[in-house]
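For reference, the structure is listed below as structure tokens.
The values are calculated or read from the model by the stated rules, or taken from the named source; none is laboratory data. Here the structure is a predicted model, which is why all the values come from computation and not from measurement. Heads up, the Cβs are rebuilt from the backbone with ideal geometry, glycines too, and the neighbour counts pull from every protein chain shown. Areas reflect the complete protein model, heavy atoms only, side chains present, ligands, DNA and RNA absent. Shrake-Rupley method; radii C 1.70, N 1.55, O 1.52, S 1.80 Å.
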Amino acid sequence: MPRVVPAVIRALDVLELFLDCPQLSARQVMERLDLPRTTVHELLVTLEARAYLISVPGQPVQYRLGMPLFQLGAAFAGRLDLVREAQGVARDVAAACDEAVHVAVLDGADVIYLVKFDSTHPVRMVSGVGLRLPAHCTAVGKVLLSALDQADLDVVLLKDPLPGMTPDSITDPDLLRDHLNRVRAEGVAVDIGESDTAMRCVAAGIRDHTGAIIAGMSLSAPIIRWTPQVQVEWTGLVREGAAVLSARMGYRAQPR
């Protein structure tokens, strides 16, 4: 197995400190990494020489991230492909539960499904890539709607009337607002027969490097296989899958 280079590891450790702090002094770097003063000095001098760190104007012992890191991040972001990344994660989630897993995005008042992995059961959800459904009738759509700011949400909710897909669809704007507030607080949404009376679904949001929710992942199953116990289990699977995909899209969860 190839040997890792300790000096490179230490340099990366220095740079990663700045993910949580806009600027740091040499002493702060030394204390947080528990490294000798001479080692920290050499690392900072080297990183500054390549402009990965720059001295704060007027505060020569304070450092902040330099432009090359922005350029590397922009190059990485430009190569991200949501569909490609989602396929691998959705496949893993579907394999773990043997139920249908989708990844979808919001388009106006609708959701469009970009990725689908089906179950192997004979009784399963009828759907497909490219399918468009009213967002407020689906779990994944409700997750995406809950992330909208007030003005954008008003555009959807003031649509008269809100269409329903089943008798359980939430078509009252005030009730939907209250429901979306709970979704926002809980971080997941559930579709209890709102898009198909025979199906149940749970969904969570997928974030990009800015923390914005850009897509949603859902797990769907027929009511005959949906029990309170599996709902808890599958909710955990969807949360985990959405978190993995968010990380691949550049999101870094904040420590609690």
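For the stretch 1-93, the per residue solvent-accessible surface stands at 68 Å², with DNA, RNA and ligands left out and a 1.4 Å probe. Amide H of Asp110: which non-local residues (sequence gap of 5 or more, or other chain) have their own amide H closer than 5 Å, using H built in the peptide plane? Counting only residues 5 or more places away or on other chains, the set is Ala135. What the Cα atoms of the chain give is an Rg and a Dmax of 22.9, 70 Å.
Across the stretch 202-256, Cα pairs under 8 Å and at least six residues apart give a relative contact order of 47 percent.
Ignoring any ligand, DNA or RNA, what whole percent of the accessible area of the stretch 134-203 comes from carbon and sulfur when the probe is 1.4 angstrom? Roughly 53 percent of what the probe reaches on the stretch 134-203 is carbon or sulfur. Working note: Karplus 6.51/-1.76/1.60 with θ = phi - 60° gives the stretch 30-46 the couplings 4, 5, 6, 9, 6, 10, x, 4, 5, 5, 4, 4, 5, 5, 5, 4, 5 Hz, where Gly and Pro are set to x. Stretched out straight at 0.36 nm per residue, the stretch from Asp20 to Arg177 would grow longer than its current Cα-Cα span by 53.1 nm.
Summary of the geometry: the stretch 165-220 and the stretch 1-68, compared by the centres of their Cα atoms, lie 43 Å apart.
Using the rule -39500 (n - 2.57) for each DSSP H run of four or more residues, divided by the residues of the chain, the 222 nm mean residue ellipticity is -13500 deg cm²/dmol.
Remark: relative contact order (the chain) = 15 percent; criterion is Cα-Cα distance under 8 angstrom and separation of 6 or more residues. Radius of gyration over Kirkwood radius for the stretch 103-199, both on Cα atoms: the Rg/Rh ratio is 0.96. Across the options Leu144, Thr171, Gly193, the greatest Cα extent toward the positive end of the charge dipole of the chain (unit charges at beta carbon of Lys, Arg, Asp, Glu) belongs to Leu144.
Placing unit charges on each Cβ (+1 for Lys and Arg, -1 for Asp and Glu) gives the chain a dipole about its Cα centre, and among Ser246, Ala51, Leu153 the Cα reaching farthest toward its positive end belongs to Ala51.
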